[in-house]
């Protein structure tokens, strides 16, 4: 039995279960829109499950608070007033079909070109 299999077998015997497998609906460089708030952004990182502080999570109004066991996206975001970084649950994102680039000052440091509704990640940032 491999070390990983042994770990999960041992965990299961102790009543622990394997974490759920979450599939990211959006990819790095993709432009998305917030389902409720309407702002747009480009994905620059993805957490498979919630990975921010508990204080940040509790600051979300309870009736709007998303489950933690889903992908969360780091966005270079913009609205009509400003540019900022946002952290958004998958359930609150929709694909943006406007075919318009996002105007955020940090884009050129992470991404190269914009083409067909998506940004290409700079080579130095890819694995």
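Laid out as a table, the results:
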| read-out | value |
| --- | --- |
| Unique match (being modelled with pLDDT of 95 or more, surrounded by 17 or more Cβ atoms within 10 Å (Cβ to Cβ) and in contact with a helix residue (DSSP H, G or I) (Cβ under 8 Å, 6 or more places away or on another chain)) among 42, 88, 102 | 42 |
| Criterion violated by residue 113 - all others in (1) crowded, with 16+ Cβ neighbours inside 10 Å; (2) in contact with a strand residue (DSSP E or B) (Cβ under 6 Å, 6 or more places away or on another chain) satisfied | (1) |
| Near pairs, Cβ below 9 angstrom, 6+ apart or cross-chain, from the range 43-69 (in contact (Cβ under 8 Å) with a residue 60 or more places away in the chain) to any residue that is surrounded by 10 or more Cβ atoms within 10 Å (Cβ to Cβ) and assigned to a helix (DSSP H, G or I) | 44/107; 44/110; 44/125 |
| Within the range 70-107, tally of residues that are without any contact (Cβ under 8 Å) to a residue 40 or more places away in the chain, farther than 12 Å from residue 44 by Cα and outside any loop (DSSP other than H, G, I, E, B) | 4 |
| Any hit, the range 57-66, residues being more than 20 Å from residue 29 (Cβ to Cβ), surrounded by fewer than 13 Cβ atoms within 10 Å (Cβ to Cβ), more than 17 Å from the chain's Cα centre (by Cα) and modelled with pLDDT of 95 or more | yes |
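The values are calculated or read from the model by the stated rules, or taken from the named source; none is laboratory data. Because the structure is predicted, anything quoted here is derived from the model rather than measured. Glycine gets a Cβ as well: all are built from the backbone with ideal geometry, and neighbour counts include every protein chain shown.
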